[in-house]
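Here's the structure we're looking at; comments come further down.
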Amino acid sequence: MATTSLKQLCEMPDLLSGGHAACPGCAGPVAIRQILLAAQQDDTYVVASISTGCMEVSTTVYPNSAWRIPLFHSAFENSAATISGAETAYRSLKKQGKIDKKIAFIAFGGDGGTYDIGLQSLSGALERGHNFTYVCYDNEAYMNTGIQRSGSTPKGAFTTTAPAGKVEPGKRQRKKNLTAIVAAHDIPYVAQASPHRARDLMNKVQKAVATEGACFINVLSPCPRGWRYAPDQTFQIAKLAADTCVWPLYEIEDGKLTINYKPREKKPMLDWLKSQGRFRHLFTPQNEHLVEEIQQDVDREWQRLLTLEAMGKETAQ
Amino acid sequence: MAERMALTGNDSAAYAFKQINPDVVAAYPITPQTELMHKFAAYVADGEVKTEFVPVESEHSAMSAVIAASLAGARACTATSANGLALMWEMLYIAASCRCPIVMPVINRALSAPINIHCDHSDTMGARDTGWIQLYSENCQEAYDNALQAVRIAEHPDVMLPVMVCLDGFILSHTLEGLEANDDETVRNFIGEYERSDNLLDVERPQTFGAFALQNYYFEFKKQQADAMQEAPAVIDEVGKEYGELTGRSYGRLDPYRCDDADVIVVGLGSSMGTAKQAVDDLRDEAGLKCGVLKIRCFRPFPGDLIRQALQNAAIVGVMDRAVSFGLGGPLFHEIRSARYGGDGPMLNFIYGLGGRDLSLDLAKDVFRNLAEAKDSGQVEPVVRYVGLRE
């Protein structure tokens, strides 16, 4: 049986070794280590693809690699198409009796490689129903190339291509709701998770890996460099994202939505916005109105999820 | 037992795919490649092949998927044309650099704009620096034979590079011709099994593929790739000879036609070389012109030495390009001129057939006449001339 017991996991060898070159406080390697530990258990092995991005450049500087599983980095926009090819080869070779191992396929991508340039590749792979899990580590901008705005960057955030200036308040548009777009593909398993709730994330990974077909997990990956906070605050920031409901933790199993974490007291978005330098410019008279808009956007999405969850329960009864 | 059948170029390539019986095929529809994939999808649907077919959502994903499949130890193929090849651009380099022996028929078609679905070579000519081996086919038989040999060439341990099998859109892809097809067992024995020592699915010996190599290592990777290309000519010759022993149809990198005593030689690629050969026969009979054709089958790696040798006694040479390198002229012309650097007589460049413009027998003869005139008058300007262009 696959385990998420921290005691047992601590005895397993890390599948993403230390010594990589990610920035201090980066949530990405933490999430990947949890994901690989959760997925590669018992008789299941993991083979992964990764799109070009922070996690790829920081963990695979030739002749070194932090990965203790087979990994293929091909290009930026094709992590899903790449895993499609590997998974199809596996299916073919297994049918021919040329391979007997049990392999779980995981495609990793950052938000740039998933929300933006890789969206078509992802959508195609989901629609074709390959047996794989796509994991997006979402740090809400093109951090690897220098904090440029992506489709995932939230409204009001400062980025180098949508900077806050004398007349511009940072990014004017809302964050794309990728998890909802993915859910619209009617795949068997979709989830949002965060590395600060390790067991929740690992449970989700184990569900996805055990599910036949295409699965998707969107993992929040706080970024001290891009979000402008101290590197030792990463998990506090991740927790705040869940407590303000700006990053709700939920899963959709065969269409049925469950919210996995409901804060006892939903914290105001002000707390979130004040915790990170990328929102600092919002607290000026000319931008103040955006704070209210941002709060309304978060409330609306949280309400939508609560409604969907309630609808699912009614249907079950 | 070999079998004689009537098939189009697309169907011939599909039949070759059926006999190759790849582990994985991923493809996306584009005219004029579509019928190749229709035919192959029908083989899959009828259980005549073991192939897992991936109907991807773009050519970029088609190439991405076959690259990963190839690294995972699967024999993987795809096919495309024109804009589809252009969309694969980034991935063509990655396929070659990751040493994936993918076989890909390219049904040659003009690139947009204006959009056009007919034959020229601007698509594959543009891909000449991607690290792929390129074989060009004169007819459907050659397309079939090239596809089978491509597997052996690509997967040879000294090579391990992808191969494009180029065949002219519509002119070959949609034309019914007689095909001498080998029996399945002959093909099976000829191509053998695909094995790679570094395998993405080798979970007990995990490796990172496509790592980040900087100033200290990238250069060495590229040198190894260049070396692999250097190994390819011997393998292409050896495979072409072995194929000949097996089928009676042997192949070299060049195909000279009546060049031995020729004063005027035309060089080119693909189906038009069939027309040029007819023009040679006619002009030798009608006008006593000592002319010949040098067809290039293998364009990458470029057989410069062989070409130079084959042309050494020609008084004048015309190179026919079905593509333009804007601001330079025909790409084939410039490569041949460079191969003949340091003498060897005048050369003219004839650009023809863009967007499927027909090269009639008369136009092909005009090329030879034009060359004969230039030889006699010594007038070689302009060097770049357009064939069949409306004024």
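Values for this structure:
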item	result
Matching residues in the stretch B:172-190 - criterion: being assigned to a strand (DSSP E or B) and closer than 18 Å to B:Gly244 by Cβ	B:Leu179, B:Glu180, B:Ala181
Flag for B:Ala113 being free of Cβ contacts under 8 Å to residues at least 12 places away in the same chain and either over 10 Å from the mean Cα position of the chain (by Cα) or within 30 Å of B:Ala211 (Cβ to Cβ) (or both)	yes
Pairs, first assigned by TED's automatic domain parsing to the domain that holds B:Leu294 in the stretch B:326-340, second part of a helix (DSSP H, G or I), C-beta under 7 Å, six or more apart	B:Leu328/B:His334; B:Pro331/B:Met125; B:Ile336/B:Ile307; B:Ala339/B:Gly304; B:Ala339/B:Ile307; B:Ala339/B:Arg308; B:Arg340/B:Arg308
Of all residues making up the stretch B:215-235, the number that are within 20 Å of B:Ala143 (Cβ to Cβ) and touching a Gly at 6+ places or on another chain (Cβ under 8 Å)	0
Looking only at the stretch B:208-248, and only at residues there that are farther than 15 Å from B:Pro162 by Cα, among the acidic types (Asp, Glu) and within 21 Å of the chain's Cα centre (by Cα), the one that is farthest from the other protein chains (Cβ to nearest Cβ)	B:Asp237
Residue count for the stretch B:118-135, restricted to those that are touching a strand residue (DSSP E or B) at 6+ places or on another chain (Cβ under 8 Å) and either hydrophobic (A, V, I, L, M, F, W, C) or surrounded by fewer than 22 Cβ atoms within 10 Å (Cβ to Cβ) (or both)	7
Which listed residue, of B:Val44, B:Val49, B:Val66, B:Val24, is within 14 Å of chain A (Cβ to nearest Cβ), without any contact (Cβ under 8 Å) to a residue 24 or more places away in the chain and either closer than 23 Å to B:Phe190 by Cα or small (Gly, Ala, Ser) (or both)	B:Val44
Within the stretch A:136-169, tally of residues that are under 20 Å from A:Ala193 (Cβ atoms) and hydrophobic (A, V, I, L, M, F, W, C)	3
Yes/no for B:Glu204 being over 30 Å from A:Ser65 (Cα atoms), assigned to a loop (DSSP other than H, G, I, E, B), within 14 Å of chain A (Cβ to nearest Cβ) and over 22 Å from the mean Cα position of the chain (by Cα)	no
Odd one out for A:Val57, checked against (1) assigned to a helix (DSSP H, G or I); (2) facing chain B (nearest Cβ under 7 Å); (3) crowded, with 24+ Cβ neighbours inside 10 Å	(3)
Scan of the stretch B:376-391 for residues that are within 19 Å of B:Gly327 (Cα to Cα) and hydroxyl-bearing (Ser, Thr, Tyr), ordered by number	B:Tyr386
Qualifying residue in the stretch B:204-213 (condition: more than 28 Å from A:Lys98 (Cβ to Cβ) and either of a type in the set (Ser, Thr, Tyr) or free of Cβ contacts under 8 Å to residues at least 60 places away in the same chain (or both))	yes
Counted residues, the stretch A:211-240 - those being closer than 13 Å to A:Glu251 by Cβ and over 15 Å from the mean Cα position of the chain (by Cα)	1
Test set (1) closer than 22 Å to B:Gln141 by Cα; (2) touching a helix residue (DSSP H, G or I) at 6+ places or on another chain (Cβ under 8 Å) - B:Gly210 fails condition number	(1)
Unique residue being acidic (Asp, Glu) and either assigned by TED's automatic domain parsing to the domain that holds B:Leu306 or at pLDDT below 95 (or both) when the list is B:Asp237, B:Asp261	B:Asp261
Matching helices (runs of 4 or more DSSP H) fully within the stretch A:74-192 where at least 3 residues are at the interface with chain B (Cβ under 10 Å from one of its Cβ atoms), surrounded by fewer than 24 Cβ atoms within 10 Å (Cβ to Cβ) and without any contact (Cβ under 8 Å) to a residue 24 or more places away in the chain	A:79-95
Some residue of the stretch B:73-93 being of a type in the set (Lys, Arg), within 14 Å of another protein chain (Cβ to nearest Cβ) and touching a Leu at 6+ places or on another chain (Cβ under 7 Å)	no
Residue check, B:Asn189 more than 14 Å from chain A (Cβ to nearest Cβ) and in contact (Cβ under 8 Å) with a residue 60 or more places away in the chain	no
Selection count, the stretch A:37-53, where residues are buried (at least 24 other Cβ atoms within 10 Å of the Cβ) and either free of Cβ contacts under 8 Å to residues at least 60 places away in the same chain or aromatic (Phe, Trp, Tyr) (or both)	3
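The values are calculated or read from the model by the stated rules, or taken from the named source; none is laboratory data. These numbers come from a predicted model, not from an experiment. With ideal geometry, Cβ positions are generated from the backbone for all residues, glycine too; neighbour counts draw on all protein chains shown.
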